[in-house]
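Peer 1: Below is the structure I would like to discuss, written out as structure tokens.
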Amino acid sequence: MTPDLSVSIGSLKLPNPLIAASGCFGYGLEYEHVVDLSLLGGIVSKGLFMKERQGHPPPRIVETPAGMINAIGLQGIGVHRFVKEKLPLLRERGARTFVNVCGTTLDEYVEVCKVLSDAEGVAAIELNISCPNIKEGGIQFGCSLHGTFDVVSAVRKATSLPVIPKLTPNVTDVASFAKAAEDAGADAVSLVNTFLAMAIDVETRRPKISNVLGGLSGPAIRPIAVRMVWECYQLVKIPVIGMGGITDARDVLEFMLAGSTAVQIGTQNFVDPFVWTKVLDSLKDYMTRHNVARLSDLIGAFDPTPPKATHP
Amino acid sequence: MPPIDIAARVIANARLSSDYSVLSLAAPDVGARTLPGQFVMVKPEGVTDPLLRRPFSVFEVLRDPQGVIIGISILNKKAGRSTRRLYDLEVGDVVSCLGPLGQPFKTVASPTRAWMVAGGVGLAPFATLAESLAASKTETTLFYGARTGEELFYLDFFERLGVTLVLTTENGARGTKGRVTLPLEAELKALAAGDRAMVYACGPEPMLEAVAKLAAHYHQPSQVSVERVMGCGLGGCYSCVVPVKHGGENANLVRSCISGPVFDGAELVWE
């Protein structure tokens, strides 16, 4: 029996739950010589505004214990160039392309989504309302329940593509934001974006990255992200796409048991660009060992019975 | 050639000084694909500290006595946690080695001369370049500056290839006292009209800037290998950007991992 790794996000069916996270996979084509893009469940583009953006000056990243802080500042080619230069090639490669949409205003989100709706080969829209690194737009929607509801509603009316707001963990109760997104008509939510963080060089007393503040990702944030996915899963009915420090199949399974329908891998792709096939193979091994026919049966299958106090 | 990832065994870790080591890795398939100026992303296998790999120029392509490629080496200088870990590795340890990556040097041939300018650990990309230039019998000079005489490494390696050595040290213990750009400028000035030298440079950023500007001033082409904080080496993270000119005055940030690390010195914008 072939193990069935497929998952569904609304009407969107993916062959497996592994999606390359935004900002960690370029526009996808950068990786086509190390991984067959059609093998991934999907890829999420870098965040795109209407226009090109230069981003922040370097240094843009710094490594921290079991993680990294980044403030790239959404350097990007803009939605028009993406549609013209990247999308046709991604379509040819058989990639299921999610486009991460940014905006400085509500109108800009809507405009970018309209451009994408008219293009061929977009699987879904991931609404970036959670980038911690730019002052204008994005986070102002993602840190307010009303803002989240308003931007999702507006985009919902403008496109028939699946709309997936990406939520920030930098709020008191992320589940209430998932609920606001669901109420506004979102097809799914993805979480978590990075945790707002900073690092100081004690020798020079200066920041380690030019933007001072940045977003923390990597294994360091994983347990918090798993908790947040579990909270959202319990509150909303729409699918949850989980991410935060996933490095291997066990981490994927942890997120799925906590309620993730699909998962995104970001920082680990920097560490190991060959992670995708390794994780897929390990997931199949796990399914065989645990006699799981359909991976989707594990979504939310977490058993909260307390573990035994003794070592096995 | 697409890059590959190898769990490479440490064949040797020769400590050249209390700061520098040459780490030799059993990665024959990486060695066979490497062109001069390309780099690898490495970290000790199976650890989360360091989490990210670090970029290193391929220093040598290693061969056995029969000439069969058995791996690569990197020139490592202790600068932070990650390079200290690499300095401390022992034979038999395993290193994740992804590569080769990036744009190589463009080689030149006679009558154009090749002038390689290295500052400190910036010697790294020039061993393979010198071999390539020696194979094409190109007249090659290495301008090599270091802090002290003890930190001038591999001089016999370059001499065996017929490379002319011009050495400088900050303390004057060996070669000329002062910066490596001093003898470079003297040689540039001495070039006869119509003579052509390709100036290759790798080292600290102020040195790269000075070399690129000197070359331009004397109407000679240059290629510089830059080093930036790098997350992935494949163009995914956009952390290693450098400003380049594209015809106009507006700086444009490009990824040094895939558009570089080697750039035309005249294309870079110096900050």
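Peer 1: How large is the dipole of chain A about the Cα centre if only Lys and Arg carry +1 and Asp and Glu carry -1, each at its Cβ, rounded to the nearest 20 debye?
Peer 2: I would put it at about 160 debye.
Peer 1: OK, next. What do you get for the angle between helix B:126-135 and the principal long axis of chain B? Use alpha-carbon atoms, 0 to 90 degrees, nearest ten.
Peer 2: Value to nearest ten degrees: 70.
Peer 1: Quick one, what does Rg over Rh come out to for segment B:113-225 if you take C-alpha atoms and the Kirkwood Rh?
Peer 2: When Rh is taken as the Kirkwood radius, the ratio is 0.93.
Peer 1: Assign unit charges at the C-beta atoms only (+1 for Lys and Arg, -1 for Asp and Glu), then state the dipole size of the protein assembly as shown relative to its Cα centre in Debye, rounded to the nearest 20. Provide the component values of the computation, followed by the final result.
Peer 2: Values: 55 positive and 58 negative charges, 49 e Å.
Here the protein assembly as shown has a charge dipole of around 240 debye.
Peer 1: Using a cut-off of 26 Å between alpha-carbon atoms, which lysines can reach A:Lys114, once sequence neighbours fewer than 8 places away in the same chain are excluded?
Peer 2: Partners within reach: A:Lys13, A:Lys46, A:Lys51, A:Lys84, A:Lys86, A:Lys135, A:Lys157, A:Lys166, A:Lys179.
Peer 1: Pulled fully out, how much extra length does the chain show between B:Thr112 and B:Thr164, if you take 0.36 nm times their separation in residues and subtract their Cα-Cα distance? It would help to have the intermediate numbers written out before the result.
Peer 2: Numbers: separation 52, 0.36 × 52 = 18.72 nm, distance 1.50 nm.
Here the segment from B:Thr112 to B:Thr164 would lengthen by 17.2 nm.
Peer 1: Report, in degrees rounded to the nearest 10, the 0 to 90 angle that the Cα long axis of helix B:181-190 makes with the longest principal axis of chain B.
Peer 2: 40 degrees
Peer 1: Using a Gaussian network for chain A with springs between C-alpha atoms less than 10 Å apart, which of these wobbles most: A:Asp201, A:Asp107, A:Asp183?
Peer 2: A:Asp201
Peer 1: Using a Cα distance threshold of under 27 Å, what count of lysine pairs results for chain B when pairs must be 8 or more residues apart or interchain?
Peer 2: 16
Peer 1: Quick check on the exposure proxy: order B:Leu16, A:Leu87 from fewest to most C-beta atoms within 10 angstrom.
Peer 2: Result, fewest neighbours first: B:Leu16, A:Leu87.
Peer 1: Taking 7 Å along the Cα-to-C-beta vector as the label spot, tell me the A:Asp281-B:Asn252 distance in nanometres, rounded to one decimal.
Peer 2: In this crude spin-label approximation the distance works out to 4.1 nm.
Peer 1: Report, to the nearest 10°, how far helix B:205-217 tilts away from the longest principal axis of the Cα atoms in chain B, using its own Cα long axis and a range of 0 to 90°.
Peer 2: Approximately 30 degrees, to the nearest 10.
Peer 1: So what are the ³J(HN,Hα) numbers for segment B:46-62, from phi and the Karplus equation (6.51, -1.76, 1.60; θ = phi - 60°), rounded to whole Hz, Gly and Pro as x?
Peer 2: Per-residue couplings from phi come out as x, 10, 9, 9, x, 7, 8, 6, 10, x, 9, 4, 5, 7, 10, 8, 8 Hz.
Peer 1: Less than 20 Å from a label point 7 Å out along the Cα-to-Cβ axis of A:Ser8: which backbone N atoms in segment A:37-69 qualify, by residue?
Peer 2: Of the residues in segment A:37-69, A:41-42 have backbone N under 20 Å from the label point off A:Ser8.
Peer 1: If you don't mind, another one. Only counting other Cβ atoms within 10 Å, I'd like A:Ser38, B:Ser222 sorted with the fewest neighbours first.
Peer 2: Lowest count first: A:Ser38, B:Ser222.
No lab work stands behind these numbers, since they all come straight from the coordinates. Keep in mind that this is a model prediction, so the values were computed, not measured. Ideal geometry is used to build each Cβ from the backbone, glycine not excepted, and the neighbour counts take in all protein chains shown.
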